[in-house]
Amino acid sequence: MSTLEIKDLHVSVILADETTKPILKGVNLTIKSGEIHAIMGPNGSGKSTLASTIAGHPKYQVDSGEILLDGEDVTEMSVDERARAGLFLAMQYPVEIPGVTMSNFLRSAKTAIDGEAPALRTWTKDVKNAMGELKIDPDFVTRNVNEGFSGGEKKRHEILQLELLRPKFGILDETDSGLDIDALQVVSEGVNRAHEANDMGVMLITHYTRILRYIKPDFVHVFVDGKVADQGGPELADRLEEEGYVNYLKGAAA
Ligand code: ADP
Ligand code: MG
Ligand code: MG
């Protein structure tokens, strides 16, 4: 059983001119193994900032607060150290890696995270099975990382990593954006498999409730202006579907 605990987190984005702008204004959130938390909220409320900060993106600066993985603060860890500690952010890898095939990339990532190379025979089988379930073309492994991938292929590739790398916590930022219904279903099933097989905790960031028909959250948090403005169970997502975020925005403006 693992716990990812975000305590009174304040984060600024570092702008091009190296000045900073505060985005997260005291986020509190705890995710345990086996739990699925949906983070919802209007555009610009800081959802991606939270995801990128957990992953260690250099553009974001932690001003105060903590991100604890099983009691250990990860905010001083490098991106690689965070991955080895069991955090996975879909989108954390470079968009394209020229000259590196998918096959090599996946095996290197697995080796880096586990601290040893996976046994070849089981690994090859695991990759093949996971690709089959995600309906990924077998030629995919010989292609360079993300080179010429369509939006849907990139998402499937992210979920493939999630299934193979077996993180303690998967942070999925707008995994549903740009997917047609069939792809959404395939990708959601992959998330559910990773969740069930490894007791993975999930932070599912989404602007729309559509993906929550396929991935059932245990908890829903509403993000407004860099903070959790409301939280509840799955019924909160249904209410948001009907009412939108307008009630929260009125509150934020007042
Ligand atoms: P969300 O994912 O909820 O849509 P973001 O975390 O992407 O929100 O953005 C939160 C706020 O931070 C927005 O107001 C956005 O304009 C601002 N922001 C994020 N990154 C940058 C950046 N690189 N430069 C300027 N503003 C940024
Ligand atoms: Mg569950
Ligand atoms: Mg975002």
log10 I(q)/I(0) for the range 1-42, Debye formula on C-alpha points only (no solvent), q = 0.19, 0.30 Å⁻¹, two decimals, reads -0.72, -1.02
With the label point 7 Å along the Cα-to-beta-carbon line of V79 and a cut-off under 17 Å to each amide N, the hits in the range 22-55 are 48-55
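Specify whether the C-alpha gyration tensor of the chain places it in the rounded, prolate or oblate class, a ≥ b ≥ c being the square roots of the eigenvalues: rounded for a/c under 1.5, otherwise prolate if a/b is larger than b/c and oblate if not. Write out the running numbers ahead of the final one.
On the way: a/c = 1.72, a/b = 1.41, b/c = 1.22.
Here the chain falls in the prolate category.
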Under the rule rounded for a/c under 1.5, else prolate if a/b exceeds b/c, else oblate, using alpha carbon gyration tensor axes a ≥ b ≥ c, the range 130-170 is classed as prolate
Computed curve, the range 13-84, Cα-only Debye sum without solvent term, log₁₀ I(q)/I(0) at 0.26 Å⁻¹, is -1.47
Here the net charge surrounding T206, from other residues whose Cβ is less than 12 Å away from its Cβ (Lys, Arg +1; Asp, Glu -1), is -1
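Just order 43-53, 122-132 by mean Cβ neighbour count inside 10 Å, highest at the front, would you? Before the final figure, lay out each step's value.
Working: 43-53: 20.8, 122-132: 15.1.
Going from most to least packed, we get 43-53, 122-132.
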The percentage of Cα-Cα pairs in the range 85-185 separated by more than 16 Å is 56 percent
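Would you please put 134-143, 30-39, 162-171 in order of how densely packed they are, using the mean number of other Cβ atoms within 10 angstrom per residue and starting with the highest? If you can, show how the numbers build up before the last one.
On the way: 134-143: 14.4, 30-39: 20.0, 162-171: 22.9.
Averaged packing, sorted descending, gives the order 162-171, 30-39, 134-143.
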Taking a crude spin-label model, label points 7 Å out from Cα along the C-beta direction, the T30 to D63 distance in nm is 2.6 nm
For the range 236-244, Karplus-derived ³J(HN,Hα) couplings (6.51, -1.76, 1.60; θ = phi - 60°; whole Hz; x for glycine and proline) come out as 5, 5, 5, 5, 5, 4, 7, 9, x
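Take the Cβ-Cβ distance between A109 and D17 as r, set R0 to 41 Å, and report the resulting FRET efficiency rounded to the nearest 0.05. Please list the in-between numbers first.
Details: r = 34 Å, r/R0 = 0.84.
My answer for the efficiency is 0.75.
Read the figures in this text as sums done on the coordinates, not as results from a lab. Everything quoted here is computed from the prediction, not taken from an experiment. Note that we place each Cβ from the backbone using ideal geometry, even for glycine, and neighbour counts take in every protein chain shown.
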